[in-house]
Amino acid sequence: MEFDISSNIRTLAKSNKYQTIYSHTKECGMPLFENNGDYNSSQIIFLRYLNFYYNIYTDIAMEYVIEKVLEDEIYEDAYWYYKRTKKTDTYKEKDSKSDDPNSTKWIMRRPKPEVK
């Protein structure tokens with residue numbers, strides 16, 4: 001019988017218990033592990049999957065994706081791949097002043113200053 005550590009870590013990281021702990025850890029800055037540095041490989045993998053699922057749950061809450069994505073690891077990985085590759089087009093916008101239909105320009109907007 002082969003022990004698949006990655007699949008078990010994913011299951012733990014996806015759970016409500018560890019997502020809640022991770023969320024509070026991010027907000028309060030409290031340590032997640034007893035050791036505050038020099039993480040072993042299992043801890044790094046666990047942190048990576050905690051963040052992975054945190055982002056997926058956030059996208060579900062924002063209605064960017066449906067909850068069905070959590071039914072299979074293949075769906076999760078496929079969505080993450082799609083999201084990473086789609087991110088490169090986030091700041092591109094069609095250049096309406098150009099005659100070339102394939103022309104794009106980069107739009108980098110600063111947030112509006114707060115009015116007091």
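Just a few scattered comments:
- Yes/no for residue 71 being under 18 Å from the mean Cα position of the chain (by Cα), at pLDDT 85 or above and not β-branched (Val, Ile, Thr): yes
- When restricted to residues that are of a type in the set (D, E, K, R) and loosely packed, with under 12 Cβ neighbours inside 10 Å, region 1-10 contains 2.
- Among the residues of region 11-53, those that are surrounded by fewer than 16 Cβ atoms within 10 Å (Cβ to Cβ) and of a type in the set (Phe, Trp, Tyr) comprise 33, 39.
The values are calculated or read from the model by the stated rules, or taken from the named source; none is laboratory data. Owing to the predicted nature of the structure, the values given are computational and were not obtained by experimental measurement. Note that we place each Cβ from the backbone using ideal geometry, even for glycine, and neighbour counts take in every protein chain shown.
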